[in-house]
Each structure stands twice: as C-alpha cells, then as structure tokens.
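Report on the structure given below.
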Amino acid sequence: MIPVFAGIRQHVFAQQADTVKVYNLGEVVIVGYTTKEIIPVQQLRGTGLKNLSVHSVADAIRYFSGVQIKDYGGIGGLKTVNIRSMGSQHVGVFYDGIEMGNAQNGIVDLGRFSLDNMEAISLYNGQKSAIFQPAKDFGSAGSVYMQTRVPVFNPGSKNNFKATFKGGSFDLLNPSLLWERKWNGRLSAQFSTEYMQTSGKYRFSYKKTGGYDTTETRKNGDVYALRLESGLFGKIADGEWKAKLYFYNSERGYPGASVREKPGEYTHQDRQWDSNVFLQSSFRKNINGVYSMLLSGKYAYDYLHYLSDPREDVTTMYIENRYRQQEMYLSSANRFAVLPVLDADISVDFQWNRLNADLLDFVYPNRYTVLAAAATALHLKKLKLQSSILATFVHETTRSGYSAAGNKNEYTPTLIASYSPWEKIDLNLRGFYKRIFRMPTLNDLYYTFIGNTNLDPEYTNQYDLGFTFNHKFEKTVLKYIEFQADAYFNQVENKIVAVPTSNQFRWTMLNLGYVEIRGVDMALQANCAVRKDFLLHARVNYTFQKAQDFTEGSSYRGGQIPYIPWHSGSLILNAGYGKWYLNYSFIYTGERYHRVANIPENYIKAWYTNDLSLSKELAMRKIKIRLTAEVNNIFNQQYEVVLRYPMPGTNFRFVINAECPFF
C-alpha cells in the first residue's frame, strides 16, 4: 500500500468583513464565532487558547465543531485534520497567511506545531470572508489559519522576554524562549526557540479475546524536536511588511498499531527524521483610497528520512527512504475599491514543487501551478454578497523517458451571501456555495509501481445555510450570549482510492469514490460576571454528520464512511477569580466504524475525555509569572481515535511561564 504519510503504512488591508470580536474577561479571553464574518468561522486566541490543556495545534482544533482529527497515538503520532468529512487533503493549512504545502501526499502533520508562540487558530469552512487575499486562499474546501505572536511593546519598553518550561507525563521536557526587540517606531524583530523531548511511553488497557482485560505499554513514541524561528516586522506609510525564517528538526518513533492477541511481541521500531526550513515574506500597502496591493513569497525545503527495520519489527519488510521536497511560491493580490459599497480583487499566484526520492525507478516530478482568482464583494446596509472564480493551471514534468500526468486546467466558482433583517436585533442569516477540487498528490501520480498518471482531480461541492445570533445584556450576571447553527450538504466526486490489481501485494490509485455528507454544526457561548473579580465563560459545540459512501459497485453502498461519527461535541468552561484561573474542557466523539462496511466487526465505540487545569499569576517587580497544573483525561478513559492506536490515559503537565518587558 502507498503511505498516507511517509513512515505510516495504511494497514492499520482588512475589509469590513475581516473584523473579529474580542471579549476580555480579565485574563479569560476566548474568541469564538463572530457575526462580522459572512462565512462560518471558528477561532481560539490569546489566553483562551493558552488555558486549554493541549500540547499542539491539532489538540486545540478538536474543540471546533465539524472537525475530525485522526491521531495515531500520543505525542509522537501523526495528527491530521478533516473538516466536514471531505478528507485531509482538502484542508489548506496556513502559517502567518501563507499556505504550508506538501505536494508529496497533501497532508500536513498538525502535531508538530506548538502552541507556545501561537496567538490565534482559526478554522474556515469554504474560504475566508475577505476577498483581498492570495489566490491560494480561494483554493481549499476548508482552511486552518495559524497566527503566531506579533511583537507588542509597553510604552517606553524596547525588549520583551518570555521563558516557558513544561514538564510532566511521558517524561516530557519542553523549554522555550522568546525575545522581541523594538528597534524604532517602524521596525521590530522577534526570535523564538523551543525544544521538546519525550519518551512517549504510557500504559493502556484493552480486552483480549476471551473477555479479560490486560495492560500494555505504548512504546516507540519518543520525540526529540527543535524549533527555531525569527521574524522582522516593519511599518510603512499606509502599510506593513514582515519576513519570517523557520527551522524545525525532529527525530521520532512511530509506535505503530497495537497487536491484541500477542501483546508485547511486536516492538514497532519505525523511525522518522524531519528537517523543515522555510523563508517567507509579505508586503501590504494601500496605494490610495482606491487601490491596495499584497505581495507574498516563500521558499521551503523539506527533508524526510524514514526507516522500517524487520530486525526490530518482524511485521514489516526493510524500508529506508529519503524524500526531499522544494517549493517556491509567489503571489500578487490587488484590491480595488470600485464604489463605496463595492470592492474587487484580482490575485495571481505561481508555485513550483519538486520531489526527489531514493525509490527504485522514481521519476523525480516537477509541478508548476498558476492560480488566478477574480472576486467581488458588495456591502450594503443589510445585505453582503461575495463571488469569486478561481482558475488553476497545472503542468508537470518528469525525468526524461518517463511520462508525466497531463495538464490540468480547472475553473471553480464560489458565491457567499449574508443578510441582517433587523437593525436592533443582531441576527445574521448566511449561506454559501463553493465548488473546488484538489489535485492528485505526487504520491498518487508517481509513487513507484502504485501511482497512476491518468488520475483526475477530486471535486467537492459545498452548500451551507446558517445563522448567527448574539446579544449583550446590561445590569445582569449574564453579559453576552451567542448562538450559531449551520446546516450543510457536501459532495466529493472522483474520490481517489487505492485498490489492488492482480494481487494483494500490488496496488494502484483510481478515481472510484463518491461521498455525500449531510450535517449540522451548532455552537453556543456565553460570558458572565458574577462579581467584578469573578468571571465565567462557557462554550459548547455540537456536530451531527451523516457521511455516506455511494461509490458505484460498492457492496456497502450508503454506509457511513470510516471514522466519521454521527454525533460529536465539546464543552469549555473558564473561570477567573482574582489571579486564579480554572479551565475545564470535555470532548465527546460518538460511535463510528473503521471501514465502509457498517457491520459489528468494524464498530468503534464512543469515547470522551475530561481535562482540568488551574493557573495562578504572580508578580515579582516587572516579571509576570504564571504557574499552571493540568490533569488530562481525568477519569482514565481507555480509547482509540484510530483503531489499534491507543491514546493516553490520565496524564499530568506542569507549566511555568515568565514574561518581562525591559527598556
């Protein structure tokens, strides 16, 4: 089988619409749905993000509705996101406004992104409400935006220092440092570094055949990771620019699937080494009241070394592969204020990808992509309309003597509408339609003996209708309430699947699948002030999804697709009293099946987790210290997100954070 991710086998500027509401409850700050957006968006930022008992971006995204996270076990396991059941390859992942690419397999491992330097995480269905953006931003069925910290200085201060140390279960050691420097009123710099090491070991329980319980230790989940990041931030007249250099290096073990019948027999010693470097920059300027420009660029180099040794793991054959990816990306976005109520945007992007590997008969593909987007936004008093069309042109070449996939020319539209019927009642009705596609990955097309250069793109059609209602209260304990609901229908056509050919040991990629997804996302959040120094915030999310496989010829036509629960939800409760902060979070994932055949043998039971954290702030002169203790999975629930990849039981973490501004 083709790897879904190298090392894991399958067997197992801103416009009106860009504003965000922020509600400050002392130090309890959570940003959720916002009525200014005319397309469904969810967001966590600031202290609200910091208060969650989570290790990575993937862990935080679990608290958004309509999202499924595949987690292959513990800190070291691969973590991917799936929005509204359309597939991980349909999700665009953006880091400080520029997409993180992976032309090899289309998957970005969200587990490697720390929250230590993260300011906000946003999830959009369809695309951003803004039209002033690169063409890339129009090109995904759903998007995750990660926004890192931007330097902010106290009056008279020119330096900020922040030191954090995290430790706890799994032999976790995780120190980090941040330094920010203000050179003058127009230029500032930032440097941050973080190191993490963990054994990844934890005990888990399961029932063996015969009905009795047994306990094993999850092994080979160790991680050693180093992140270095530096940035420059500049201000110019009516604009700004920024540049970022990022380096990430890691060695990790992949724990593999647990074997139930012979516990401890298989040690799962697969190893992976990663090195990721990118340099990206953007420049934004409002030329006059009519024209604004946004220029972006990026160069990225990714190295992956994967080793599977049968001398350590008898379940596999010897594999040692090295992959090297290069990416170059340039973008120009141009916004025109045609009328006071009408904006237009024209964006053009160019992207080049190259993949090298030491595989037998590898074809060394190059992919050249041009994207051009034209969009308009109409802002009336009660009605907002946006429309866009994205043109995508893809050309590929391979080493001489090998045939490349044919050129792809695609045109995909989007239409978004929002209506506010009353002035005094903050109710917004909204809907959107979007057709988009995802190109076959380079693995799909060219993986040795498996790839198929005749593959067509996967297409998605998205239909969404929903509303948001919010209200502020005066002279009551309840200060603010917001409710949002969206009903949606998605279609995924030409789904790319791996199927066996002449025997079970030789597979190929074909366009066979067709999936329909019907669902409802709901979210409720409220802010309360019991007293001036006693503040509460609550947020509840719920998702219902019926995601059915209607692939022609399937023996189980109409069944729920693998790993998609019918019901899921989450709850977050924050309380702040003086300098004490308490956070409780709950996640529930309902019953589901791990194969398209919805039969008892493929059933996976529901799971839930309860997490609790307590923080206290201290002040020592100019140094602000925050101490946090966390207890995760309080009731020691034994569960699996992916079959045979057990997750940790009760675990602990302690965090010490110190911040200090200097002149």
Tell me which label goes with the value of Rg/Rh (Cα atoms, Kirkwood Rh) computed from the coordinates here: (i) 1.02; (ii) 1.17; (iii) 0.94. (iii)
Give, rounded to the nearest 20 debye, the magnitude of the charge dipole that the chain has about its Cα centre when Lys and Arg contribute +1 at Cβ and Asp and Glu contribute -1 at Cβ. 1700 debye
Can you give the FRET efficiency for Lys472 and Asp171, using 1/(1 + (r/R0)^6), R0 = 56 Å, r = Cβ-Cβ distance, to the nearest 0.05? 0.75
For the ranges 428-440, 573-585, what's the packing order if you count other beta-carbon atoms within 10 Å of each residue, average per peptide, and put the highest first? 428-440, 573-585
Mind sorting Leu49, Leu390, Leu512 by how few other Cβ atoms lie within 10 Å of their own Cβ, fewest first? Leu512, Leu49, Leu390
Give a quick list of trypsin sites (Lys or Arg not before Pro) in region 124-207 that DSSP marks as loop, anything other than H, G, I, E or B, with at most 13 other Cβ atoms within 10 Å. Arg186
With each run of n ≥ 4 DSSP H residues scored as -39500 (n - 2.57), what mean residue ellipticity at 222 nm is computed for the chain after dividing by its residue count and rounding to the nearest 500 deg cm²/dmol? -500 deg cm²/dmol
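FYI, it's all coordinate maths here, none of it is from the lab. A quick note: this is a predicted structure, and the numbers were derived from the prediction, not measured. Virtual Cβ from ideal backbone geometry, glycine too; neighbours counted across all protein chains shown.
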